[in-house]
Amino acid sequence: MTLKNRSLITVDDFSVGEMEGVFNLADEMAESITNQLDVCKGKVMASLFFESSTRTRLSFETAMHRLGGSVISAVDIGATSLAKGESIADMARVIGSYADIIVIRHPWEGAAKVVADYSGIPVINGGDGGHQHPTQTLCDLYTIRKERGSIAGMNIALWGDLKYGRTIHSLIFALAKFSANILFCPSPGLEVPEHVIQKLIAEYGGDIEKMTPEQKAKTDRFPLNAIYTTPNQPHQLAMMPGVDIELELKTGLDALYVTRPQKERFNDAEQQLKDKYPVVDKELLKDKSFRRAMVMHPLPRVDELAYELDSDPRSLYFKQAAQGVPVRMALVSLLLGMKDTKITENETSAPKYEYPIYKQDTGIKCPNKKCVSVQATEIRYLKPDFKIVNFKPLTLRCNYCEHGFEPKYVASTEWHEGMLVSKKYHSAGSHWSQHIKPENLLIFNSAKDAEAAGFKADIRVKKEAEANLSGT
Amino acid sequence: MTLKNRSLITVDDFSVGEMEGVFNLADEMAESITNQLDVCKGKVMASLFFESSTRTRLSFETAMHRLGGSVISAVDIGATSLAKGESIADMARVIGSYADIIVIRHPWEGAAKVVADYSGIPVINGGDGGHQHPTQTLCDLYTIRKERGSIAGMNIALWGDLKYGRTIHSLIFALAKFSANILFCPSPGLEVPEHVIQKLIAEYGGDIEKMTPEQKAKTDRFPLNAIYTTPNQPHQLAMMPGVDIELELKTGLDALYVTRPQKERFNDAEQQLKDKYPVVDKELLKDKSFRRAMVMHPLPRVDELAYELDSDPRSLYFKQAAQGVPVRMALVSLLLGMKDTKITENETSAPKYEYPIYKQDTGIKCPNKKCVSVQATEIRYLKPDFKIVNFKPLTLRCNYCEHGFEPKYVASTEWHEGMLVSKKYHSAGSHWSQHIKPENLLIFNSAKDAEAAGFKADIRVKKEAEANLSGT
Amino acid sequence: MTLKNRSLITVDDFSVGEMEGVFNLADEMAESITNQLDVCKGKVMASLFFESSTRTRLSFETAMHRLGGSVISAVDIGATSLAKGESIADMARVIGSYADIIVIRHPWEGAAKVVADYSGIPVINGGDGGHQHPTQTLCDLYTIRKERGSIAGMNIALWGDLKYGRTIHSLIFALAKFSANILFCPSPGLEVPEHVIQKLIAEYGGDIEKMTPEQKAKTDRFPLNAIYTTPNQPHQLAMMPGVDIELELKTGLDALYVTRPQKERFNDAEQQLKDKYPVVDKELLKDKSFRRAMVMHPLPRVDELAYELDSDPRSLYFKQAAQGVPVRMALVSLLLGMKDTKITENETSAPKYEYPIYKQDTGIKCPNKKCVSVQATEIRYLKPDFKIVNFKPLTLRCNYCEHGFEPKYVASTEWHEGMLVSKKYHSAGSHWSQHIKPENLLIFNSAKDAEAAGFKADIRVKKEAEANLSGT
C-alpha cells in the first residue's frame, strides 16, 4: 500500500485499512525508533503554526528528526507576511516549492485543505480551528489498538466537553468507522452537537440510544446521556428493551477518554459551566465499570483529571502522548513515499457516502465566520464548493470547514430562452427543491441573489414576502 | 573563482562575473537539488530575523538543510537581549563565534554591514530596512537569465511602487550593471526617487529618457514615465528623436516586474495612493507589448496582481520564488568556501566608481533616522564613515545606509599654529569646498560643530548669519 | 567517569572532579570542533525557552548541531499551551517522551528542578529566574582555567551588581569550591546579599574579611568591600593584621569579572543606583593591580564596560562567550552518555553539607513569590520539600528555589494519644526547636496552621499573643 503524495486533512481522508497501515508501520518504528535515520534523509518538513501548539509541533518535528529529515519552522506567524494581506494559497505555493511536506495549524476552519489544494506536496492538518485534528485521533486510536489489540467492539466513554473539543468530533467519527461503541458522558451543557450525531448515523450507520431521565438518575457521578452502538456488532442491547443498558456497557468499559473544558470557546452563558465540570479522580475510578478501563486524555489537562491518578496503572495519557512520535513518523514517511506498508484490508467502515457536489457561483457563502472560504484574503480566489448532504430539508455542507446549513431558495438551470416567464425561484422548503435534478439545481441564500441571477419569485415566495410585510 | 569568506550586503559587493558564478552554480544545483547533502555538512547557519519574513527566512533555511548543514534561528528578536541595550556589534561577535555564516534581517538600514564588519564570518543581508535586499535581486536576475538566456539587452518594465520597494532599488542598479534596459512604470505618486536616478547615471552610465506629457497620453493603462537605456548597447533610440520610444520598447518587452504598494511606508498624504494603484490582470496583458513578457513579482502580492493570471503561461512569480532555494544554496556554499565556480569574466558592468572617503570626527552624522549609525546603542562605537560622492554641491553618502545628503560647512586641516587667524570655516556651497584638497577637508553640519573644532566663520558665513538675524 | 542521565540544575550538582571532567572533554572538543558530528547523531535536544535568551539558546543549539544531533525548539512559550493552565510537570513528562535531553530557561525559580524530577531524561538548567544559570558558570570557570592553567588560588575580583546577578551567585559558590580567592567590588548599594555570604562560609569554609572605612578610603575607583580567602591556601593575609590586604591582593589580580546592572530587577529605591554604576575602561585598567588581569563579562554589556577595551589583549569576554560552544558540547555529550571523560579526582571542594530534610505537610510554603512551588498550576502536585540549614535560629531552605527563611512555630510528632495535654506548639525561637529531634520536628508558619494540625499554643506563645493584643 502506498500513501505517497496523499494529504491528511480530515479522518475521512484515510480508510480503515489505510489507518491500519499507518499503525502497523508505527508499531515497527516504535520498536527501533533510533534506527530510522535514513528513512527521510534529505527531506524537508515545513512546520507552519499560525496558532501556538508546543506539543503537536514538537512531536511532528521530533518525528521528522528521528527519520533523519530536516525541519523549517514558522511559529506564531499571525503577524508576518500573511498579515500584509497575502493569501493562504500563495503561501502554500511558495512553501510547497521549498519543502517536501507541510504540517499546518491554522485558526481558520478549512485552511489545511486550501494548503493541500495549492501547495503541490503532501499536507498534514495539525489542527484547523474547531474543525479537525486528525493526527490526534490517529494517536488515540493507536493507543486503544496497542493496549487492547483491536478497536472494533470496544466500549469507549467520552467524558467532559463534547461540544467544543475538536479532537472529540474527529474521534467520534473515527471510532464509528472502526466499529467501536461510544458512551457519551458530557459535562452538563456541553453535549455533543446535534449535527455530529446526525452525521454519525447518516454516514457511519449504527444507532444512538439516548438515556431516559430515570436511567440518568441511576448514574450519579457518571453523566452518561447517550450510547452509540456500531452496526457491525450483534446489536443485542438495543434489541432487548428493559436491559439496563448503561450498567451493561459500563461493566465492560475499555477506555475513559477525558477532555478539558475548552473555556476559550465558551460563550458568555457557558462560562459558569466550568465550575460544574466533573473531575476524574481515584474516587470515581473505584466504580467497578472502570476496573479495566484505560484512562486517556489528549492533554493538556487542567483540573479535570486529578494528579493522584498519575501513578494509577490504568492511566495511559502520558503513554498516549509519547505515541505521537512513532505514529507521526509512520505517517510522514508514508506520505513522503519513503515507506510502504502491508495492510490487512478489512474495510469494516461504512462506505463513504457520495453526496452530490454544488459548485455554482450563485452568491452562496458558508455561514461559518471562521471558515477559510469567507475570509477577506481568501474570498478573492476560492470558489463555492459544497456537498448537498440532504434534500429534505435541503442542506449544504461546506467542503472547506464541513459546516452544514440550510439555504433559503432554489431554482433550476433548465429553462429556455423563450420561456422567461418560467424563470422562477422557489422556497428551499417547497416541493420544488426535490423536483429539480441535482445537476440543474441553483441555490440562493437571499431573494436578492436569486433576482440578481435573473429569477423571479414564484407565487408561494411572493405570498410569504407579502405575509412578512403585512406582519410587520 | 572563490567567494570564500566574502559577505553580500549590497548588490555592489559582487561583480557581474561573480554573480554569473553564483548563477552557474545555482543551475548545477537546481538540476540535482537532493544530491547536495554533503556540500555543507557540519556547517552552521545563524538565521537572525529582527523583522518577520517567513518567506525569505524559510528559503534560506531550506537551502542550508538541502546542503546538509544546520540552522540556528532567532526570530522576532526585537524583545530579547538586544532590548537590554546590547549593540549589534556585540551580538555579531558572539554569534560569529558560534556559527559559520550569518543571514540577518534588521529594520535598521546598514545593520547587515555592521554584522559583517564585526562577526568575522560571512554575512548575507536578508533585508535591512528600506536599504537593500540583495538575494531577492539575485533571484530576480537568475529568473530572467534562466528564462531568456541572458540579462544584457533585455527590456524590463518595473511596475507599481518604485518609491518604497527596497527590492526595486537593488534591482534597478543590478539590471543596469548587467546592461539591461529599464522601463519605469510607476503608480502615480510612487515614482523612482531622484537620488536613485542620479546614482544610476553617475555610476552605471547609460541614459534616462523621460516621457513627455504627449507621449504619456498615448499610453493609457501602461503608466510608462521614463526609460533607461544601457550604454553597452547601440543607443539607437535616444539617437533618433521622433521614434516612438515607448511603443518601440513595449513591443519587445521581456519582463513586467510588478511590485505591491509598500503601504506600511506611505506617509499620510500617500495613503490615498493605494486606491489608484494599477492592477495587472488579463485585460492589461492582452496588449501586444506583453506578448512575450514574463510576469514577475517578488511576492507577497495583495491586490495588484490578479489571481486570474496564475494559470497564464507568462506568469513566472511562483517559479521565481521557487528559485530562491537553488540560488541561496549556491550563494551559501560559495561564501562558506565549500564550492568554487567557473565564471566567464565578461565584466560588462561599469567600473565601480572610487569616491574619496570621509572619516573625520567633526560631528557629522547621517541624517537618516533609520540608519544603524545613529541609533543610541550603536553610536557608542560606530565612527563617522562617508563617501564624498559629489563636490558641487558637496554631497556625502553614508557608508552604512547609503543615504546621501549635503552638509553645510567646510574647513581645511591645512593651517599653521601661528596662523590662527586663517583658521576659518566656509559655506559648503562656496568655492572653498572645491579648493580644499579632499585629504584636508573638514566637514561640519552646523556652525556650532565648526566652532567647537576651533574654527571661525569666514566673511560670507558671517554675512549670511547677519542677514538671517536681521531677516527675522 | 560517566555523567550519563545526570542533570545539571545548580552548580552543586557536580563535584569539582566532575566539572574538571567536563573541562577536559571541552578542551578535547575545542581542538577539533568540526569533527564531532557522530557523537550525538540521532539524538534530539528540546530547547525550551520560556524567557528570551538568544545567546544561551543559540550556543546550546549550536553545540547540539556540532555534535551531529537535532534540536526541537520552543521560544517565548509564555503564551502557549502552558497558558491553558498546564503544569510544568505535565509538559516535562510529554517532552521527556519525545526528546533525549532538555535545556530549559524559565522565569520561575526552581522550574528546572521540576522538569528534571518529572521528565525522565537529563535536564540542563539554562537559567531559572534569579536562581541559577550553571552553564554560564561552567563557561566562566573554563575560561579562567584555560587562560591561567588552574582556578585554585587565583584572585578573582567580582565587579558591579553583586546583588541581583544570577550568574554572580553561582560563580561565587563555584569559585569557592575550586579554592579561588574572591574580591567583592560591588557598585554601592548592590552588595552581595548576606545569605550568600552565610552559605559561602557555612558550606565552603574559608574566611570573609570586610574592608574598614579607612581601607575603603584608600581605594578610589576600585570599590573593594570584602575579600573571601579559601581555606585550602596558607591563609597568610588574614593572619598578618596590618598587612595592606587589598593592595596585596590587587597586585596579583588574575581576573576582573564585570557584570551589568540588572536594572529590570531593581526596586524603586534602587533605580537611581544605575547612574552611579562604575565603568570599567582604559583609565581604570592602568592601575598596576590589573596588569595581568583578564577582563571577563557574561554579556550582554550595556555601558559598564567601555568599547575602547575591545582591542585590549586582556579583554577576554568574547573568547569567554565563544567557549560556550565547546563547554556545552562536552556537557551535552556527557549527560547523554555518548562520551566518558577521565578525571583527576582531586576533590578539593569542601564536602557537600548534609542537611536534614523537612517534608511534612504542615502548611509551610516557600515565601519566595517567584518560586515554582507556590505557583497556582504547580501547587496542585508539588509537595513541601525543604532542608533545615540551621537550628539557631531555625532556618529552612526551599529545595526548589534555594530561598532561605525562618518559620515561626514548631511542635513534635512525639506525643502520645493519651497525653493530648502535651500536644503543644512552641515559638521557633524558643529552646524547644533545638530539643525536638529533627525526625520528629513539625514546623508551622502560623498559629492557624499549628492549630489546624491539632496543637495548642504553649505558655510562651500565649503570652506573646496576649502581649501583641494588649500592645495594639
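Tabulated values for the structure
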item	result
Shortest-first nm distances, C:PRO313 label point to equivalent points in other copies (7 Å, Cα→Cβ)	7.1, 7.1
Partner chain coverage, peptide A:223-230 - average Cβ within 10 angstrom	0
At 7 Å out from Cα toward Cβ: A:LYS4 inter-copy label distances (nm, ascending)	4.1, 4.1
Degrees between helix A:16-31 axis and first principal axis of chain A (Cα, 0 to 90, nearest 10)	30
Within the range A:298-312: backbone nitrogen closer than 12 Å to the A:ASP275 label point (7 Å, Cα to C-beta)	none
Cα gyration tensor shape for the protein assembly as shown, rounded if a/c is under 1.5, else prolate or oblate	oblate
Chain A - charge dipole about Cα centre, Lys and Arg +1 at Cβ, Asp and Glu -1, debye rounded to 20	460
Efficiency of FRET between A:GLU283 and C:GLU414 - r from beta-carbon atoms, R0 41 angstrom, step 0.05	0.75
Crossing angle, helix A:459-471 versus chain A [Cα axis fit, 0-90 degrees, rounded to tens]	80
Check: the range A:135-321 dipole with +1 on Lys, Arg Cβ and -1 on Asp, Glu Cβ, in debye	480
Helix-only [θ]222 nm of chain A, DSSP H runs n ≥ 4, -39500 (n - 2.57) each, per residue, nearest 500	-9000 deg cm²/dmol
Peptide B:85-94 - average C-beta neighbours from other chains (10 Å radius)	5
Rounded Å value of the spacing that divides the Cα centres of the range A:97-123 and the range A:255-300	32
Principal-axis tilt of helix B:54-66 within chain B, Cα atoms, nearest 10 degrees	70
Computed over the range B:58-207: relative contact order in percent, which uses C-alpha pairs under 8 Å that are six or more apart	15
Among the listed pairs B:LYS177/B:LYS216; A:LYS286/C:LYS369; A:LYS146/B:LYS41, those beyond 29 Å (Cα-Cα)	A:LYS286/C:LYS369; A:LYS146/B:LYS41
Compactness index (Cα Rg / 2.2 N^0.38 Å), the range B:135-320	0.96
Residues C:THR212 and C:LYS383, FRET efficiency given R0 of 41 Å [Cβ-Cβ distance, rounded to 0.05]	0.30
Sequence-separation-based contact order of chain A, relative, with Cα cut under 8 Å and 6+ spacing, percent	17
Footprinting exposure proxy for B:ILE197, A:ILE88 (fewest neighbouring C-beta atoms within 10 Å first)	B:ILE197, A:ILE88
Distance in nm between pseudo-label sites at A:ASN390 and C:SER422 (7 Å out along the Cβ direction from Cα)	7.8
For the range A:1-153: rounded, prolate or oblate by the Cα gyration tensor [a/c cutoff 1.5]	prolate
Full-stretch length increase - C:THR34, C:ARG292 - with 0.36 nm per residue and alpha-carbon distance subtracted	89.6 nm
Neighbour-count order for B:SER433, C:SER333, fewest beta carbons within 10 angstrom listed first	B:SER433, C:SER333
3J(HN,Hα) from dihedral phi, the range B:424-437, Karplus parametrisation 6.51/-1.76/1.60, rounded to Hz, x for glycine, proline	10, 10, 10, 5, 4, x, 7, 5, 4, 4, 8, 7, 7, 5
Gyration tensor verdict on the range C:1-77 (Cα atoms; rounded if a/c is under 1.5, prolate if a/b is larger than b/c, oblate otherwise)	oblate
Viscosity 1.306 mPa s, 10 °C: Kirkwood-radius Stokes-Einstein D of chain C over Cα pairs, µm²/s	66
Label 7 Å beyond Cα on the Cβ vector: A:PHE391 copy-to-copy distances, nm	9.2, 9.2
Value of relative contact order over the range C:351-472, rounded to a whole percent, pairs C-alpha under 8 Å and six or more apart	23
Dipole magnitude (debye, nearest 20) for the protein assembly as shown, charges at Cβ of Lys, Arg, Asp, Glu	520
Exposure proxy ranking, count of Cβ atoms within 10 Å, fewest first, for C:SER422, B:SER430	C:SER422, B:SER430
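All of the numbers you see were taken from the coordinates with simple rules; none came from a lab. In this text, all values refer to a predicted model and were calculated from it rather than measured experimentally. FYI the Cβ positions are ideal-geometry reconstructions off the backbone, even for glycines, and counts take in every protein chain you see.
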